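J.: Before anything else, here's the structure in question.
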Amino acid sequence: MAGLWTYSQNQWRNKTKTSIRKAMKLSIYHDGKLYAATIAFPLDADYAMMYTRYHAQHLLFITAYNTWIAAGGLLSGDTMTLQELFAAMKVLLDVWIGTTVGFYVKTSTRFKTIFAGGRKVYNKGEIDDRIQNVNSLSIRIGGDVNLTGVKASVDATYAGLYAARNNQTGGKESNNSSNASSAGNICMNLQYGDCGILMNKFLDSPLSIETFFDRELLSSKMQMVFTATMNGTEKKELSERTVLSDDEFRFKVDSGGNSAVSATAYLGSTPGAIDSSPVTILNHLEHKGTFADFGITDYSLHRYVTIVINSPTYSAKVLFQYY
């Protein structure tokens with residue numbers, strides 16, 4: 001007997017079983033893309049039908065979602081998964097080690113004490129042991145004034161891992177989330193249906209379908225930490241992601257001893273755009289906040305994190321992390 005057929009499975013429902021927030025992000029993206037299509041092709045009956053049908057349900061979902069959030073709603077799947085956190089930590093390890101080497105060479109006793117066991121104790125082994133090793137790293141750093149930023153990042157990583165471990169409860173609903181979940185499920189069903197309509201519409205150019213759906217968010221693995229080395233006055237689109245206003249992020253710049261260097265982040269509406277409120281930080285300082293800091297309201301349009309180095313001379317290393 002043949003197994004389950006890929007096309008008979010609703011991946012939008014499957015991927016959002018434990019996360020109403022993920023369903024909302026997928027819905028914001030799809031609704032925005034359908035709206036853009038109706039503007040670009042005002043006489044196209046397919047786009048008009050899909051948008052009219054979808055947008056009405058999307059608005060109902062927003063209402064139910066906001067009510068749920070106001071009541072303090074959360075599903076266990078709405079926090080970053082352990083898998084995502086461990087993947088992000090691999091990149092953070094490079095940052096922690098790189099910063100530490102700036103003060104203590106790898107052959108020094110201090111460095112060897114801090115990173116006893118090397119990388120493998122964080123990347124391999126039992127889950128609980130790996131989480132505890134992150135906490136032990138923080139303890140070994142202690143009150144070292146040279147590594148205050150590293151310790152803060154290690155502590156935040158440990159807190160996230162610890163919470164995610166405790167939240168592995170199978171995604172049971174809480175906080176009266178049934179209305180939001182039901183509204184979200186209807187939107188996910190409609191996206192599944194819209195995919196079929198678009199498959200028929202683009203028989204000869206199937207890649208055209210992809211633009212209507214947030215494929216990265218539908219995937220099992222998402223990159224959470226983005227880094228870049230940028231030249232003075234350089235502007236770079238660092239990442240693209242559908243976010244919500246209360247999603248958290250971390251932004252940091254490192255230009256060695258050049259204290260006058262600063263960097264500014266924007267949440268642009270197009271790649272490289274700077275059409276949002278700026279978030280500016282000075283060298284060796286970091287900003288932890290939510291995407292509401294960028295002062296925008298249309299999260300289907302504003303998806304592109306753009307970084308600008310505010311220095312005519314010096315280069316800098318930039319880190320931007322989604323939580």
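J.: Going residue by residue through segment 115-127, is there one that turns out to be over 25 Å from the mean Cα position of the chain (by Cα), within 27 Å of L285 (Cβ to Cβ) and surrounded by 12 or more Cβ atoms within 10 Å (Cβ to Cβ)?
T.: Checking segment 115-127: at least one residue is over 25 Å from the mean Cα position of the chain (by Cα), within 27 Å of L285 (Cβ to Cβ) and surrounded by 12 or more Cβ atoms within 10 Å (Cβ to Cβ).
J.: Continuing with this model, one more query. Take the residues of segment 1-12 that are in a helix (DSSP H, G or I) and modelled with pLDDT under 90: which is nearest to S208 (Cα to Cα)? So that I can check it myself, show each step before the final result.
T.: Let us first name the residues in segment 1-12 that are in a helix (DSSP H, G or I), namely 6-8, 11-12.
Still in the running and modelled with pLDDT under 90: 6-8.
Values: T6: 20, Y7: 18, S8: 21 Å.
My answer is Y7.
Yes/no matrix, rows are residues, columns are (1) crowded, with 17+ Cβ neighbours inside 10 Å; (2) assigned to a strand (DSSP E or B); (3) on the phi > 0 side of the Ramachandran plot:
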position: T211; (1), (2), (3): no, no, no
position: Q223; (1), (2), (3): no, no, no
position: P271; (1), (2), (3): no, no, no
position: S276; (1), (2), (3): yes, no, no
position: T280; (1), (2), (3): no, yes, no
position: F320; (1), (2), (3): yes, yes, no
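J.: Between residues in segment 124-152 that are touching a residue at least 60 places away in the same chain (Cβ under 8 Å) and residues that are in a helix (DSSP H, G or I), which pairs lie under 8 Å by C-beta distance while being six or more apart or on different chains?
T.: Matching pairs, first to second residue: G149/T99.
J.: Moving on. If I307 satisfies all but one of (1) surrounded by 16 or more Cβ atoms within 10 Å (Cβ to Cβ); (2) touching a helix residue (DSSP H, G or I) at 6+ places or on another chain (Cβ under 8 Å), what's the number of the condition it fails?
T.: Condition not satisfied by I307: (2).
J.: Could you tell me how many of the residues in segment 20-56 are surrounded by fewer than 19 Cβ atoms within 10 Å (Cβ to Cβ), in a helix (DSSP H, G or I) and of a type in the set (D, E)?
T.: 1
J.: Name the helices (runs of 4 or more DSSP H) wholly within segment 100-141 that hold at least 3 residues that are in contact with a Ser or Thr (Cβ under 8 Å, 6 or more places away or on another chain) and over 22 Å from L161 (Cβ atoms)?
T.: Working: elements: 109-114, 120-123, 127-141.
Helices (runs of 4 or more DSSP H) meeting the threshold: none at all.
J.: If T264 passes every condition in (1) loosely packed, with under 14 Cβ neighbours inside 10 Å; (2) under 19 Å from the mean Cα position of the chain (by Cα); (3) assigned to a strand (DSSP E or B) but one, which one does it miss?
T.: (1)
The values are calculated or read from the model by the stated rules, or taken from the named source; none is laboratory data. On a predicted model such as this, the values are computed, not experimentally measured, just so you know. Because the Cβ atoms are built from the backbone with ideal geometry, glycine has one as well, and the counts that use them run over all protein chains shown.
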